[in-house]
Amino acid sequence: MQQSDLPVRRTARARARRRRWIVHSLQVAIAVVILGGWQLGSNTGFVDSFFFSKPSDIAARAYDWIKTGYILDDLAVTLQEAFYAFVLGSLAGGAVGFLLGRVRLLAEVFDPYIKMLNALPRVVLAPIFLLWFGLGISSKVAFGFTLVFFIVFFSTFQGVRNVDRILVDNVRMLGGKRRHVLRHVLIPSTATWIFSSLHVSVGFAIVGAVVGEYLGASQGVGYRIAQSEGTFDTTGVFAGMTILTLVVLVIDLAVNRIERRLLRWKLDEHMT
Amino acid sequence: MTTPSVELKSVRRDFVTPSGDTYPAVRDINLVIPAGTFVSIVGPTGCGKSTILNVVAGLLPPTEGQVMSFGKPVSGLNAHTGYMFQQETLLPWKTIVDNVRLGLTMRGVSSKAAKRDARSWLKRVGLAGFEDRYPHQLSGGMRKRASIAQTLITGPEVLLMDEPFSALDVQTRQVMENELLQLWQDSNTSVLFITHDLDEAIALSDEVLLLSSGPGSSIIGRFDVELPRPRDLMTVRDQPGFTEIYTKVWSQLRQEVMKTYAAI
Ligand SMILES: Nc1ncnc2c1ncn2[C@@H]1O[C@H](COP(=O)(O)OP(=O)(O)O)[C@@H](O)[C@H]1O
Ligand SMILES: [Mg+2]
């Protein structure tokens, strides 16, 4: 039995590897076609490089900004704003979500207000926050906070509401008091929901910072992009976008790792 | 005569349906479980078996009547009981060993001692080597074993089991039934066992109670099973007394099953 399975498994693995190779090749091919076409189009004048710049210029500019350190201070400011927005928004959203999830009366009373605040297009808050908190980082943190808060609030609220009744009963029958139920069932169960929204809330924290900067700031990647735009420097706009995208990708990978670690009890990797 | 581990006196339990009507699940339930005995309740689906167990556990207060455990009325959770629910109840975010030791940990037992105890229980239920897995990495039968260990580790005087083996395949099931009898014989616990499988009820129990179909189910038959102990589940069905009692209970149970179907 064992021996006859082995070749089958090996060909299955070979097939999977081959498939991965095909997918990667096609992905690279798409990038080459788009960037190459763009480059070629601007070189031949088919694409207006005033509006669209060209990949080689953008790469050179991005490299230059990083090498001279011109963009690094801005990046630090943007990430700092995103970090505060994420931490404060998550704490507040988690706490309020937990409270409203547990206390039915509060949930019913606050329901219309929460719906209203969530329906409000958050971007319109940015100018108000600029007036209230100034051009510094507080206004961006406040703006990012309003985005992160609702994401975390809703997932916490759902998480608390969806705790499996039977798990609570079982822990109580095993001798668990209220605090045990909280610690062993309610918090881990809710945390699962919060972690599953981690990607979205981290992304929104960064969006909050950049959009806030774009609308009014004296520092930050969003501010640099706005500045380049003001001088019709499309290369600068694209360079700012490229750097931001790369940074967000790296952060997303880190979030992936954290998520895998926190939700390891859900993964099938260790199965034998 | 010693005080019974559980006694229900004229228990009735109603539910309020979403439309606001009162639905009587069980009524006139009188039952006595002498300490150390194995009692089964058999009845068609939806007749109120789980409801009775929840009442004994103190999770559901009776609408009427009285629940006694070791001579004292039960108010709030019944601290004498350990409950193995019909559903899966292992915490998915805890490893098997952490799930099994939970009852001890919550009683303030040091984590080292609790883990040691949990490991020895896992060995007893045949799960040595699976301590550090998460529940979803085990098969259904293995999770049930872990649940048994989790319930028994705190040493309950009364074990409530709600269709514990109904989801298992026949072989696994027979092995687990044997193990359960072994564990029960080694301890001094009483068992209140729910099943819809008459065969299983007779093979395991000292007494089989037959519940009528709902609404308002009540106990319509009580049968003592006087097969000798210790029993071996592999051979108990071949004993002459077995078929006799099986036929007796089945003829009555069949009428109830037919009623349930007729109602649908
Ligand atoms: N919480 C509840 N609310 C309303 N009806 C319930 C509730 N629990 C059980 N019932 C009803 O009571 C009856 C008995 O349920 P249950 O004890 O779970 O049956 P069994 O375990 O024998 O299958 C069923 O008709 C069920 O629909
Ligand atoms: Mg049931």
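The values are calculated or read from the model by the stated rules, or taken from the named source; none is laboratory data. As the structure is a prediction and not an experimental result, all values here were calculated from the model. FYI the Cβ positions are ideal-geometry reconstructions off the backbone, even for glycines, and counts take in every protein chain you see. Ligands, DNA and RNA are stripped out before the accessible areas are found, and what is left, the full protein with its side chains, is counted by its heavy atoms. Shrake-Rupley method; radii C 1.70, N 1.55, O 1.52, S 1.80 Å.
Here are some notes:
- Expressed to the nearest 5 percent, the antiparallel share of DSSP beta bridges inside the protein assembly as shown is 50 percent.
- Between amide H atoms placed 1.01 Å from N, distances below 5 Å from A:Gly220 occur with A:Asp74, all of them 5 or more places distant or on a separate chain.
- Spin-label pair A:Glu259/A:Asp111, simplified geometry with 7 Å Cα→Cβ offset, distance in nm: 3.1
- 222 nm mean residue ellipticity, helices alone, for chain B (DSSP H n ≥ 4; -39,500 (n - 2.57); rounded to 500): -11000 deg cm²/dmol
- Dimensionless Rg ratio for the protein assembly as shown, taking C-alpha atoms and the 2.2 N^0.38 Å reference: 1.35
- Relative contact order (%) - criterion: Cα under 8 Å, at least six apart; region: the stretch B:86-155: 47
- Apportionment of accessible area to carbon and sulfur, the stretch A:159-235, percent (1.4 Å): 59
- Of the complete DSSP H runs in chain A, those spanning 18 angstrom or more by Cα along the long axis with a mean Kyte-Doolittle score not below 0.5 are A:72-102, A:137-161, A:198-215, A:234-262.
- By a 1.4 Å probe calculation restricted to protein chains, A:Glu229 has an accessible surface near 90 Å², given to the nearest 10.
- Once the 1.4 Å probe is applied to the protein heavy atoms, chain B comes out at 44 Å² accessible per residue.
- Listed residues B:Gln87, B:Gly140, B:Ser111: farthest to the positive end of the dipole of the stretch B:86-155 (Cβ charges): B:Ser111
- Accessible surface buried once A binds B (1.4 Å probe; total of both sides; Å²): 2300
- When the solvent-accessible area of the stretch B:86-155 is split by element, carbon and sulfur atoms take up 47 percent of it, the probe being 1.4 Å.
- Cα centroid of the stretch B:60-77 to Cα centroid of the stretch B:169-184, whole Å: 31
- FRET efficiency, 1/(1 + (r/R0)^6) with R0 56 Å, evaluated for B:Asp28 and A:Leu72 via beta carbons: 0.10
- Magnitude of the charge dipole, chain A, Cβ model with Lys/Arg +1 and Asp/Glu -1, debye to 20: 1660
- Computed over chain B: relative contact order in percent, which uses C-alpha pairs under 8 Å that are six or more apart: 25
- Amide hydrogen proximity for B:Val225: with H placed 1.01 Å from N in the peptide plane, the residues at 5 or more positions away or on another chain lying under 5 Å are B:Glu207, B:Val208.
- Ordering B:10-17, A:201-208 by mean Cβ neighbour count within 10 Å, with the highest value first, yields A:201-208, B:10-17.
- J(HN,Hα) series, the stretch B:99-108, from Karplus relation 6.51 cos²θ - 1.76 cosθ + 1.60, nearest Hz, glycine and proline x: 5, 5, 7, 3, x, 6, 4, 6, 8, x
- Each residue of the stretch B:215-225 is assigned a 3J(HN,Hα), and the resulting list reads x, x, 5, 9, 7, 10, x, 10, 10, 7, 10 Hz, derived from the Karplus form 6.51 cos²θ - 1.76 cosθ + 1.60 (θ = phi - 60°), x at Gly and Pro.
- For the residue pairs B:Lys49/B:Lys72; A:Lys140/A:Lys266; A:Lys177/B:Lys144; B:Lys72/B:Lys94, the alpha carbons lie more than 26 Å apart in A:Lys140/A:Lys266; B:Lys72/B:Lys94.
- Counting Cβ atoms of other protein chains within 10 Å of each Cβ in B:91-101 and taking the mean gives 3.
- Accessible surface, the stretch A:99-257, averaged per residue in Å² (probe 1.4 Å): 51
- The alpha-carbon atoms of the stretch B:108-264, seen along their principal axes, cover 54, 37, 29 angstrom, with the largest extent given first.
- Database remark: amide H of B:Asp14 closer than 5 angstrom to the amide H of B:Ala25, B:Thr63 (H placed geometrically; neighbours at sequence offset of 5 or more, or on other chains; Pro and chain starts carry no H).
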